[in-house]
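Step one of this worksheet: look at the structure below.
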Amino acid sequence: MQELSILGNILIFTFVGSLGGLIGGVILLAKERFALRISHFLASFAAGVLLGTAFFDLLPEALVDAEKLGINVFFWTLIGIIFFFFTERFIHWFHHHEEYHSEKRSSQNTVPLIIFGDTVHNFIDGVVIAATFFISIPLGIITSLAVFAHELPQEIGDFGLLLHKGLNRKKIIFVNILSALASFAGAILTYLAGNALINYIPIFISITAGFFIYIAASDLIPEIHHEKRKGYAAIESIMLLIGVLIVWASVTFLVE
């Protein structure tokens, strides 16, 4: 029964974290101006949620069992940051390499790369959510909500880019749903490998913390620094702090 409960929670919150993130894209398609206006605020809030989850939730949980297993949590957190840096650099390099060789086909090349990158990202989200549920249900819930928070602005960006590249709205929704299903593949594979991975859970949690720190620091926070409109940067900074405080409160009152 407990195994079924873990699997049920993994599937439910994988849906919340990944497929739920499509809400951002649907909002863009329905109300494009409104979605683009709030996307900066959502990105700032997501940055705070990711940082709060990494430092208040994931790293402390990883440290609990890491010492007795001889695992260096901070080493694996750094590995997570470096791994996702090189993953992103590879996707960007391939994209620009293709554009250099064929300007006429640049849009055709960009669309599958956007979809590929999003699919890999969703698969990793599923792995992350499933791995944290093996530690505890509250940790899994908080992690899935962090995934949801960063998926919202990301999907707005992806949908907007695909619109710009000429895809029609129905096709955009269809390919993004298919891409989001990769999160279930990642979650189910992680669940099936659960017993084999049990002694390596602190490593996965540490890599996840590195993943969250990298997304916040490299993708989301720079948007705050680049914002030039009067008053927007201040609001975005406040939204980041709100994201951090919400996670702190959730960890304090939900986990304990």
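Laboratory data are not the source of any read-out in this text; all were calculated from the coordinates shown. Keep in mind that what you see is a predicted model, and the values were worked out from it rather than measured. Using ideal geometry, Cβ is built from the backbone for each residue, glycine included, and neighbour counts are taken over all protein chains shown.
At-a-glance table
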read-out: Extended-chain gain in nm, criterion 0.36 nm per residue less alpha-carbon gap, Phe86 and Lys171; value: 27.6 nm
read-out: Distance (nanometres) between label positions extended 7 Å along Cα→Cβ at Phe116 and Ile198; value: 3.9
read-out: Neighbour net charge for Phe212 - beta-carbon separation under 12 angstrom, K R +1, D E -1; value: -3
read-out: Nitroxide proxy distance, nm - points 7 Å out along Cα→Cβ at Leu245 and Asp65; value: 3.4
read-out: Two-site FRET efficiency, Ala234 against Phe34, from Cβ-Cβ distance with R₀ of 35 Å, rounded to 0.05; value: 0.95
read-out: Additional length obtainable on full extension of the chain from Ile79 to Ala217, 0.36 nm per residue less Cα span; value: 48.1 nm
read-out: Rounded Å value of the spacing that divides the Cα centres of the range 190-206 and the range 56-88; value: 13
